[in-house]
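Where a number appears in this text, it was derived from the coordinates with a stated rule and is not lab data. Just so you know, these numbers come straight off a predicted model, no measurement behind them. All Cβ positions, glycine included, derive from the backbone under ideal geometry; neighbour counts span all protein chains shown.
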Amino acid sequence: MNGTVDVLVVDDERINLKLVEGILRGRDLNLVTAGSGAEALELLPDHDFAMALLDVMMPGMDGFELAERLRSHESTRNTPIIFITAISKEQRHVFHGYELGAVDYLFKPVEPEILRGKVNIFAELHRHKRSLMETTRRLEATVEELQASKAALAESEQRYRMVADYNYDWESWIGPDGSLIYISPSCERISGYPPQRFLDEPDLLQRIIHSDDLPKWQRFMEDETVGDDESLDFRISDMNARVRWLSMVKHSIHSDTGRPLGIRSSMRDITNRKRIEGQLHYSAHHDTLTGLPNRVLFLDRLGRAAERASRSNEYFAVLFINLDRFQAVNDHYGHTVGDKLMIRIGIRLQQAVRALDTVARFGGDEFGVLIEEISRKSDLRQVVNKVHASFKEPLVVDDISFTISPSIGYDVGSGTAVEPEELVHNAQVAMNAAKEGGKNRAVAYNKGMREGVVNVLAVESDLKRALAAREFEAYYQPIVNLADGSLYGFETLARWMHPERGLVNPGEFIPVAEETGLIVELGAQILEKACATMNRWREKYPLARALTVAVNISARQFAESSLAATVESILERSGLPPEHLKLEITETVVMLDAMKSVNQLKALKNLGILLSIDDFGTGYSSMSYLQKFPTDQLKIDLSFVQRMETTTESIEIIRAIVNMAHSLRLRVVAEGIETERQRDLLYSLQCDYGQGYLYSRPLPEDEAEEFVKESE
């Protein structure tokens, strides 16, 4: 259905408006652009908008406020809204948009085909709405004419025929005896059969109605209580055997004296509308990027699997998969490459399971797998191993090779009193355990894991109290020179000595501290303890005068503009010379905004301290950025060290990292060394320093001081 429709596009950046115009050009769309919310509101009286594309972050009135204003305006109360934004994908942002009535959420840079597809759907729906309203107005006018007519039945019939012959819909008049008195020419456009064919063969319509829909059509026609506002959607097969959808309304007609004259029906071809509805239904149950089932469809299939399993006495299982450090791919290579890689991963997962199993994408970097018809629980481990092994083969996108590792959690169901959501949650809990266990592994759920799930609000409250009471202690893990085993320094780690629970696992409170922002205060306390302790050791032990103390800086801390000033103040209070302090920032954090990171690192480096890129090898840093970063060391991610004895690939990766670092005059530290074999391999690769349980676990302050004394 043709016809230009208006689409409102609001963004405070002119270049973004131009990009949207370029993507949607030539699609019977009148793009009405506005650079602010206020400007957009001024446009409302002059337009009938099919939809609105809104940026979120705008000065003055942001996209969320504009959406509220649109919802309060009579003309745009039901206008579909899609947010196009570059802000975080955190659920609180997305949920807020949906609470305001948004129909979708697209993230910049937006994929052109996705944007075109969504806009085309709503534009087509708007055209149908306008057409339906126009036809309704025409029909109402026709009815008013018929009601106002004082002429005889023949004159009334002739007037109806004149109107109906040129009506876009398929109009019919069936007499009181069931005979077909009139059928409009539109029947041929819709069905392929001319009017005379229906007049000659009164049962033709029933013969071309889909067999599944015929009974309900017959009930609809026989039901005298059907009102004018009720309709029936059904299918027919046209002359070319193509299925078409029709929507029919009917009402009884009477003469001026009340004599029944039969039934007038109007049928509209809604095939396109049904196709669009099908697309919308598909989109509601499938991931738009990969085409895989989404969480809604996954849970539906899981429920059905539970019912089947209860009858067959078989088992089924849910795998919850999270891709380790996948965000680094998007941050470095962009979302286009990341999306292509995500599609390849979905295909790889489908190839790893059977056709009867379901692979779904839950969103972001999370997938779900439903395994059905398992005879014995012990058979599941083989399936899980196959899924996990499918990630070992690198994936190539745009001539770039990626090795993505998964953290997998899984749980088994038998169909007896199984809640689908609970089974998925169990698998997710197990996946979190896999993450905490070092990533790139598969872990089965057990009930004991639930005991480790702590209420975030309770932890946050307890964290605030603990920070005020200064319950956090600094533990120190030795770092040694791999060439001779001599002590080089310590890495500082935060530990919480709870007055009631004792030593609390860092995996329990660090994520909550990060999420709530309390990590900034916690990090400052640990930094202050580390600097004061190292300076005290330097005054007591000659060996300590050459040692360095490393402190981890979180993403929240690194984003603070006052970080350099905070570090400088702590150094002054503690008396520690700046060259004996090393700050470690993970590669992923540094690459979130590389140019901004350069400025922050320079501000820290100007203090005279050492800087190290932590977890190196996971964030896809390029040589050009490493040359710009004023760093002194790289720390190899422990996952590579742990796999050294089993895969040559990890050895080659470490070799490449060491060679690259030395070419940039950077020192290299390897963490997670647990065996003498790992130590010897790292030394042969010319790695400079190492730490891990082979040398020592993280030590409380008094034991770390004893370690210094014994090293002299």
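At-a-glance table
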| item | result |
| --- | --- |
| Residues with amide H under 5 Å from that of ASP365, placed H, sequence gap 5 or more | none |
| ³J(HN,Hα) computed for each position of the range 670-682 - Karplus, 6.51 cos²θ - 1.76 cosθ + 1.60, integer Hz, glycine/proline x | 10, 10, x, 6, 10, 10, 5, 4, 4, 4, 5, 5, 5 |
| Most to least packed among 292-301, 191-200 [average Cβ atoms within 10 Å] | 292-301, 191-200 |
| In degrees, nearest ten, helix 506-516 long axis to first principal axis of the chain (Cα) | 60 degrees |
| ASP233, ASP702 arranged by Cβ crowding within 10 Å, fewest neighbours leading | ASP702, ASP233 |
| C-alpha center-to-center spacing [the range 341-374, the range 267-311] in angstrom | 16 Å |
| For the range 692-709, 3J(HN,Hα) per residue [Karplus equation, 6.51 cos²θ - 1.76 cosθ + 1.60, θ = phi - 60°, Hz, x = Gly/Pro] | x, 5, 4, 9, 5, 6, x, 10, x, 4, 5, 6, 5, 5, 5, 4, 5, 4 |
| Within the chain, helix-based [θ] at 222 nm, where runs of 4 or more DSSP H residues each add -39,500 (n - 2.57), nearest 500 | -14000 deg cm²/dmol |
| In range of the label at LYS628: residues from the range 584-601 whose backbone nitrogen is under 19 Å from the point 7 Å along Cα→Cβ | 585-601 |
| Distance between the range 23-89 and the range 641-712 - C-alpha centres, whole angstrom | 55 Å |
| Highest to lowest packing among 435-442, 423-430, scored as the average C-beta count within 10 Å | 423-430, 435-442 |
| In degrees, nearest ten, helix 271-285 long axis to first principal axis of the chain (Cα) | 20 degrees |
| Point-to-point label distance, ASP46-ARG207, nm (Cα→Cβ direction, 7 Å offset) | 5.8 nm |
| Fraction of antiparallel bridges per DSSP, the range 458-711 only, in percent to nearest 5 | 40 percent |
| Which labelled figure in [x] 26.9; [y] 35.8; [z] 31.0 is Kirkwood radius over Cα pairs in Å, once derived from the coordinates | [z] |
| Pairwise centroid distance, computed over Cα atoms, of the range 524-568 with the range 578-595, Å | 14 Å |
| Within-10-Å neighbourhood charge of GLN557 [Cβ basis; K, R +1; D, E -1] | -2 |
| DSSP-defined antiparallel bridges as percent of all bridges, the chain, nearest 5 | 60 percent |
| Principal-axis tilt of helix 335-352 within the chain, Cα atoms, nearest 10 degrees | 80 degrees |
| Global form of the range 5-129, assessed from the alpha-carbon gyration tensor, a/c cut-off 1.5 | rounded |
| Distance (nanometres) between label positions extended 7 Å along Cα→Cβ at ASP229 and LYS386 | 5.6 nm |
| Mean Cβ neighbour count within 10 Å, used as a protection proxy, ranking 627-638, 463-474 highest first | 627-638, 463-474 |
| Label point distance in nm, PHE95-THR648, each placed 7 Å from Cα along Cα→Cβ | 5.1 nm |
| Cβ-derived FRET efficiency at R0 56 Å, GLU39 paired with ARG348, nearest 0.05 | 0.75 |
| DSSP-defined antiparallel bridges as percent of all bridges, the range 469-579, nearest 5 | 75 percent |
| For the range 454-556: rounded, prolate or oblate by the Cα gyration tensor [a/c cutoff 1.5] | prolate |
| Distance violations [Cα-Cα > 27 Å] among LYS118/LYS340; LYS596/LYS635; LYS602/LYS635; LYS118/LYS435; LYS340/LYS439 | LYS118/LYS435 |
| Residue order, fewest to most beta carbons within 10 Å, for PHE490, PHE707 | PHE707, PHE490 |
| VAL480, VAL353 arranged by Cβ crowding within 10 Å, fewest neighbours leading | VAL353, VAL480 |
| Under the Karplus curve 6.51 cos²θ - 1.76 cosθ + 1.60, θ = phi - 60°, whole-Hz ³J(HN,Hα) for the range 629-646, x wherever Gly or Pro sits | 6, x, 9, 10, 9, 10, 10, 5, 4, 4, 4, 5, 5, 5, 9, 4, 7, 10 |
| Cα gyration tensor, the range 290-452 - rounded (a/c under 1.5), prolate or oblate | prolate |
| Estimated FRET transfer efficiency (ARG71, MET133; beta-carbon r; R0 22 Å; 0.05) | 0.55 |
| Relative contact order (percent, whole number), the chain, Cα cutoff 8 Å, 6+ residue spacing | 7 percent |
